[in-house]
Structure formats: structure tokens, C-alpha cells
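Asker: The structure's right below; bear with me while I get my questions together.
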Amino acid sequence: MKIALLGYGKMGKTIEKIAIQRGHTIVIKTNDEDGYDITQADVAIDFSVPNAAFFNIIKCFKHGVPVISGTTGWLDNFKKAKALCEEENGAFIYASNFSLGVNIFFELNKQLAKMMSKIESYKVSLEEIHHTQKLDAPSGTAITLAESIISEHDSYSDWSLLSKKENTIPISAKRLDDVSGTHAVSYTSNTDTITIEHEAHSREGFALGAVIAAEWLQDKTGVYTMKDVLNIG
Ligand SMILES: NC(=O)C1=CN([C@@H]2O[C@H](COP(=O)(O)OP(=O)(O)OC[C@H]3O[C@@H](n4cnc5c(N)ncnc54)[C@H](OP(=O)(O)O)[C@@H]3O)[C@@H](O)[C@H]2O)C=CC1
Ligand SMILES: O=C(O)C1=N[C@H](C(=O)O)C[C@H](O)C1
């Protein structure tokens, strides 16, 4: 498969390594919004910056190139991207987190929220920890976790960074040197705390998931999720 890497930073470089190991060729690697011919690629993988992702994604739709996006912090435009994909008969997968481990964790989170919805004595909170170069907070993964709890748990209707409001899930976002990504969901009562946690040991799990998603998407049209790719849950 001929791959375009839209964003050649920490993730772009890790994806390049994994893609080559799996027999693919990188035909474009760019940190710019133009200056390349996207039609050279069978599939594009966007891990760029929040204010570039939407433009990069819709360019792929216009040129008939399937696109995977892992960029976080641009979701105000997500509905518009989905609609444009359908209009242009494109192929698109966005995931806030491409790792197999986090996608299993997403399912655990949903099941736990469903169970805890019936038990009033516990309050939920989320914590995410990332490296200090991260541009967005809270992380895309923390937002996915929070939205999933909201859909399963009767007591919550919103999330917010460090909120103390009723019905709002508080998210704490910490930035420390060299942390690839840690997410924890805790339910606390007066007597105890239940925590589920995922800790990424490196960026390789995210990169492998993105390449697997690209392999899966290359001959399809439509908008999909990692749940479709991994067939879990
Ligand atoms: N979904 C997932 O599984 C994961 C998602 N992410 C997300 O992926 C994104 C990238 O992360 P990471 O690689 O760590 O970040 P980096 O900052 O290391 O890389 C981003 C790259 O995008 C480049 N860039 C800037 N503008 C454009 C543009 N218009 N088009 C293409 N590239 C551009 C930057 O170039 P320059 O430095 O020159 O500005 C930089 O090299 C983040 O949003 C992060 O949250 C990260 C890990 C996993
Ligand atoms: O910026 C990162 O590094 C990461 N971003 C994603 C997010 O915002 O959830 C996924 C992962 O946690 C690493």
C-alpha cells in the first residue's frame, strides 16, 4: 500500500516505522497543508495538529483517497467532515485512540458505567496524563471516555476540566515529561474507590492500530470506527 503521512512529527515517524515493517511504502510525508500530490497515495494517515486536520481530511475526500485521522482537538468540525465524506463518496476513520488496548478499555468503561449507573453512592472522575508537548486538553481519549459514560450513566450529562458541578464529570489533565498517554476512570464513595486504568508504554500501539485501520479501509467507502476495524464489543 502507498501511504501519505499528513503530519510527520512524533506519530508520523512511528507510523512510518511500523508501516515499512508491514511491507508498505511511504510516498508522501509532510508537515504542510499543500505542496504534494495526494493522488499518489492509496491511503492517507493524518496525525497533524488541531487546526490542520479538517483541511487535510477533506482534501483526501475531494481526491478519492481513503483517510485515517488520529489528530485530536478538531472535533467541532467532525459532523461536517462526516457529511462531506458521504457527499464525496469518500472513506474515513477517526479515532481518538487507535491502540487495541485503549479500544478494549473503552468497552470496559462502557460496561462499568452501565453497572455504576444503578449505584448512587459513587461519583465518577477521569484523569489523563500526557507529555508536555501535547497541544490539547483534555485528551481526545478522555473526551471519548467521558462521552461514553454520559451515554450509559443516568447521573451525568456533561464533562468539564476539573468541574465540581453536579451531573458533570470532572476531568483532570496533567502534563509530565515523556508520558505517552495514561487514562484512568475512578468511581469514589465514602468507603472506597474503584479505578480502571490504561497506560501506554510507547507510541507503537497507536501507530500499529492506525496502520491496521488504513489496511482495512483502503478498498471501502463510508465512515467507520475502530470498533468496525477491530470487531470488538
Ligand atoms: N488517535 C491516536 O491514537 C493518537 C492521537 N494523537 C494525536 O495526533 C496528533 C499528532 O501527535 P504527535 O505526532 O505527537 O504531534 P507532533 O507535534 O509531534 O506532530 C504533529 C506534526 O504535524 C505537523 N503539521 C503542522 N501543520 C500541518 C499541516 N497543515 N499538515 C500536516 N502536518 C502539519 C507539525 O509540523 P510543525 O512541527 O512543523 O508544525 C508536526 O510535525 C495530536 O493531535 C495527538 O493528540 C497522538 C497519539 C495517538
Ligand atoms: O497527544 C498524544 O500524545 C496522544 N493523544 C491522543 C489523545 O488526545 O487522546 C491519544 C493518546 O493518548 C496520545
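Coordinate-derived values only; no laboratory data. Just so you know, these numbers come straight off a predicted model, no measurement behind them. When we count neighbours, we look across all protein chains shown, and the Cβ atoms used for this are built from the backbone with ideal geometry, even at glycine.
Asker: Just to be sure I understand: of the beta bridges DSSP finds with both ends in the chain, what percent are antiparallel, rounded to 5?
Answerer: 35 percent
Asker: Residues with amide H under 5 Å of I26's amide H, sequence separation 5 or more or different chain, H placed in the peptide plane at 1.01 Å from N; which?
Answerer: Amide H neighbours of I26, under 5 Å, 5+ apart: I3.
Asker: Another question, then. Using θ = phi - 60° and the Karplus form 6.51 cos²θ - 1.76 cosθ + 1.60, what ³J(HN,Hα) does each residue of the stretch 213-227 get, whole Hz, x for Gly and Pro?
Answerer: 5, 5, 4, 5, 7, 4, 10, 10, 10, x, 10, 10, 10, 5, 5
Asker: Say a site is exposed when it is one of the trypsin sites (Lys or Arg not before Pro), sits in a DSSP loop, and has at most 11 other Cβ atoms within 10 Å; what is then the longest site-free stretch of the chain?
Answerer: That gives 1-117 as the longest site-free run.
Asker: So, one more: For every other residue with a beta carbon closer than 12 angstrom to the beta carbon of E33, add +1 if it is Lys or Arg and -1 if Asp or Glu, then tell me the sum.
Answerer: -2
Asker: Please give the net charge around M1, taking every other residue with its beta carbon less than 12 angstrom from that of M1, where Lys and Arg add +1 and Asp and Glu add -1.
Answerer: -1
Asker: Near the amide H of Y94, under 5 Å away, which other amide H atoms are found, from residues 5 or more places off or on another chain, if H is placed in the peptide plane?
Answerer: Placed amide hydrogens put S69, Y224 under 5 Å from Y94.
Asker: Could I ask something else about it? For every helix of n ≥ 4 consecutive DSSP H residues, a contribution of -39,500 (n - 2.57) applies; sum these over the chain, divide by its total residues, and give [θ] at 222 nm rounded to the nearest 500 deg cm²/dmol.
Answerer: Computed mean residue ellipticity for the chain: -10500 deg cm²/dmol.
Asker: When the Karplus curve 6.51 cos²θ - 1.76 cosθ + 1.60 is applied with θ = phi - 60°, which whole-Hz ³J(HN,Hα) does each residue of the stretch 28-43 get, with x for Gly and Pro?
Answerer: Those phi angles translate into 9, 9, 9, 10, 10, 7, 8, x, 8, 9, 4, 5, 5, 9, 7, 7 Hz.
Asker: So what is log10(I(q)/I(0)) for the chain at q = 0.10, 0.13 1/Å, when the Debye sum runs over its Cα atoms only?
Answerer: -0.47, -0.77
Asker: Which whole-number percentage describes the relative contact order of the chain, with Cα contacts under 8 Å and a sequence gap of 6 or more?
Answerer: This gives 22 percent for the chain.
Asker: Quick check on the exposure proxy: order V43, V65 from fewest to most C-beta atoms within 10 angstrom.
Answerer: Ordered by Cβ neighbours within 10 Å, fewest first: V65, V43.
Asker: Using θ = phi - 60° and the Karplus relation 6.51 cos²θ - 1.76 cosθ + 1.60, list the HN-Hα couplings for the stretch 173-190 in order, rounded to whole Hz, with x at every Gly or Pro.
Answerer: Listing the rounded values in order: 10, 10, 10, 10, 4, 6, 8, 6, x, 10, 10, 9, 10, 10, 10, 10, 10, 5 Hz.
Asker: Fewest to most neighbouring Cβ within 10 Å: what's the order for V211, V67, V49?
Answerer: V49, V211, V67
Asker: Along the charge dipole of the chain, which of I171, F98, S155 sits closest to the positive end, that is, farthest toward it, with unit charges on the beta carbon of Lys, Arg, Asp and Glu (+1, +1, -1, -1)?
Answerer: F98
Asker: I've got another one for you. In percent, how large is the relative contact order of the stretch 100-199, given Cα pairs closer than 8 Å and 6 or more residues apart?
Answerer: 35 percent
Asker: Let me ask something else. For the chain, with a Gaussian network of springs between Cα atoms less than 10 Å apart, report the residue from A200, A83, A213 with the top mean-square fluctuation.
Answerer: A83
Asker: DSSP beta bridges in the stretch 100-199, what fraction antiparallel, as a percent rounded to 5?
Answerer: Roughly 60 percent of the beta bridges in the stretch 100-199 run antiparallel, per DSSP.
Asker: Not counting the cut sites, what is the longest span of the chain without GluC sites (Glu not before Pro) that DSSP labels loop and that have at most 14 other Cβ atoms within 10 Å?
Answerer: 34-119
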